[in-house]
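Participant: Attaching a single structure in structure tokens format; questions to follow.
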Amino acid sequence: MVVGSVESTNIVRFLKTDPKARFQGYKFYFREGFCWNNVLNPEARLLKVKLKGASVNDVGSMSLFPLSNLCSSKYIIALLNSNLLFAFYREFVNCSVNIQINDIRQVPIIIPSTSQLKDIEVAVIKAIDCRIAQGRNDNSELNSDTLKNIENDIDGYVNSIYLI
């Protein structure tokens, strides 16, 4: 591109006038998916991936979106929050505290059967509901035990999917 050329003038005009040209990645904004903090506590035992509502993305919270109906965001959240895939991630992908998108892309995702997908999604919804109730202090101790049981169930589902 030559500065001052018709082409560069057109590009500048586009960047000035197109409402979507003001930020990169606008095609991925306001999409539901899953996200995680880009820096993990060094003592953490899980990646702590969570559902991401339709919003603008930011580098402080890395985001990805399923491209297929074969595995949902809830399913991938369950996998990435499992003890099995956290151990895999730490051992074979990245042992630092920085969790990048390309790191998560290296984690092997097994496509579940319809029943496996449903079982895990139901468990994830229960875990989310339990966590919301904890935030409201609704029987917090009881919810903590319930959440641990749900997490154990999810770990069991993940282990069976990966034939462990």
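Participant: Looking at Pro108, is it surrounded by fewer than 12 Cβ atoms within 10 Å (Cβ to Cβ) and either basic (Lys, Arg) or closer than 17 Å to Leu163 by Cα (or both)?
Facilitator: Spelling it out, Pro108 is indeed surrounded by fewer than 12 Cβ atoms within 10 Å (Cβ to Cβ) and either basic (Lys, Arg) or closer than 17 Å to Leu163 by Cα (or both).
Participant: Shifting gears a bit: Condition check: open to solvent by 30 Å² or more (accessible area, probe 1.4 Å) and modelled with pLDDT of 85 or more. Does Asn69 satisfy that?
Facilitator: For Asn69, the condition - open to solvent by 30 Å² or more (accessible area, probe 1.4 Å) and modelled with pLDDT of 85 or more - is met.
Participant: Which residues, counting only those in the stretch 56-67, are touching a residue at least 12 places away in the same chain (Cβ under 8 Å) and part of a loop (DSSP other than H, G, I, E, B)?
Facilitator: Val56, Asn57, Val59, Gly60, Phe65, Pro66
Participant: State the number of residues belonging to the stretch 40-70 that are touching a helix residue (DSSP H, G or I) at 6+ places or on another chain (Cβ under 7 Å) and within 18 Å of Ser113 (Cβ to Cβ).
Facilitator: 1
Participant: How about the stretch 27-44: which of its residues are surrounded by 11 or more Cβ atoms within 10 Å (Cβ to Cβ), touching a residue at least 24 places away in the same chain (Cβ under 8 Å) and within 22 Å of Glu151 (Cα to Cα)?
Facilitator: Correct list: Gly33, Phe34, Cys35, Trp36, Asn37, Leu40.
Participant: Given the conditions (1) more than 15 Å from the chain's Cα centre (by Cα); (2) in contact (Cβ under 8 Å) with a residue 12 or more places away in the chain; (3) more than 22 Å from Ile161 (Cβ to Cβ), which single one is not true for Leu117?
Facilitator: Of the numbered conditions (1) more than 15 Å from the chain's Cα centre (by Cα); (2) in contact (Cβ under 8 Å) with a residue 12 or more places away in the chain; (3) more than 22 Å from Ile161 (Cβ to Cβ), the odd one out for Leu117 is (3).
Participant: Now, a different point. Which count do you get for residues in the stretch 74-104 that are in contact (Cβ under 8 Å) with a residue 40 or more places away in the chain and either within 15 Å of Ile164 (Cβ to Cβ) or in a helix (DSSP H, G or I) (or both)?
Facilitator: Counting residues in the stretch 74-104 that are in contact (Cβ under 8 Å) with a residue 40 or more places away in the chain and either within 15 Å of Ile164 (Cβ to Cβ) or in a helix (DSSP H, G or I) (or both) gives 14.
The values are calculated or read from the model by the stated rules, or taken from the named source; none is laboratory data. Please read all numbers here as calculations on a predicted model, not as lab measurements. As a convention, Cβ positions derive from the backbone with ideal geometry for all residues, glycine included, and neighbour counts pool all protein chains shown. For the accessible areas, the whole protein counts, side chains as well, though only heavy atoms, and no ligand, DNA or RNA atoms are used. Shrake-Rupley method; radii C 1.70, N 1.55, O 1.52, S 1.80 Å.
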